């Protein structure tokens, strides 16, 4: 008996065969006139993402500059290793209560370890295409989770 539905099962070598990081084809088809639009988009994202990252850092119990550096480094890594030119990544409010709890109980070393473990789990789940299982999570569960996090953030 398989725990993963048949349509979601993928063998390991097949999952990596079609993956090419964006850095492999970064400038193919890129024209000079795209640069100004990309520059404007990058500035807009920076204006929003950097203060947001600082705010999330403060709310999580770490120093503001740690949030700033995290946003910058994560943006570079996602840009170079993402699978799309239109990659979007950034912090979400749902992480604030989780991160604050980790910092309160385990300190910064615990936060670093949790970050590395979470990243490793995300890589493994991506390689085995566990994202296909999301279609089996009912909408009320997702809406309830989101509402619960909103209440925790509001009350906390």
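Each row is one residue, and each column tells you yes or no for (1) exposed (fewer than 11 other Cβ atoms within 10 Å of the Cβ); (2) over 22 Å from the mean Cα position of the chain (by Cα); (3) at pLDDT 85 or above; (4) within 22 Å of residue 89 (Cα to Cα).
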{"site": "10", "(1), (2), (3), (4)": "no, yes, no, no"}
{"site": "21", "(1), (2), (3), (4)": "no, no, no, yes"}
{"site": "44", "(1), (2), (3), (4)": "yes, no, yes, yes"}
{"site": "66", "(1), (2), (3), (4)": "no, no, yes, yes"}
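Within the range 94-114, take every residue that is touching a residue at least 24 places away in the same chain (Cβ under 8 Å) and surrounded by 14 or more Cβ atoms within 10 Å (Cβ to Cβ) and give me the one that is farthest from the chain's Cα centre (by Cα). Step by step, filter the range 94-114, then rank; the result is 103. You will find that of 53, 79, the residue that is farther than 30 Å from residue 156 by Cα, in contact (Cβ under 8 Å) with a residue 12 or more places away in the chain, assigned to a helix (DSSP H, G or I) and within 14 Å of the chain's Cα centre (by Cα) is 79 and no other.
In the set (1) closer than 18 Å to residue 49 by Cα; (2) at pLDDT 90 or above; (3) surrounded by fewer than 12 Cβ atoms within 10 Å (Cβ to Cβ), residue 138 fails one condition alone, (1).
Taken together, 144, 148, 107, 120 contain a single residue that is assigned to a helix (DSSP H, G or I), on the phi > 0 side of the Ramachandran plot and modelled with pLDDT of 85 or more, which is 107. Within the range 117-135, restricting attention to residues that are surrounded by fewer than 12 Cβ atoms within 10 Å (Cβ to Cβ) and more than 15 Å from the chain's Cα centre (by Cα), the residue that is nearest to residue 78 (Cα to Cα) is 134. For residue 91, the criteria (1) assigned to a helix (DSSP H, G or I); (2) within 15 Å of the chain's Cα centre (by Cα); (3) surrounded by 13 or more Cβ atoms within 10 Å (Cβ to Cβ) hold in every case but one, which is (1).
The values are calculated or read from the model by the stated rules, or taken from the named source; none is laboratory data. What you see is a predicted model; the values in this text were computed from it and never measured. Neighbour counts run over all protein chains shown; Cβ positions are idealised from the backbone, glycine included.
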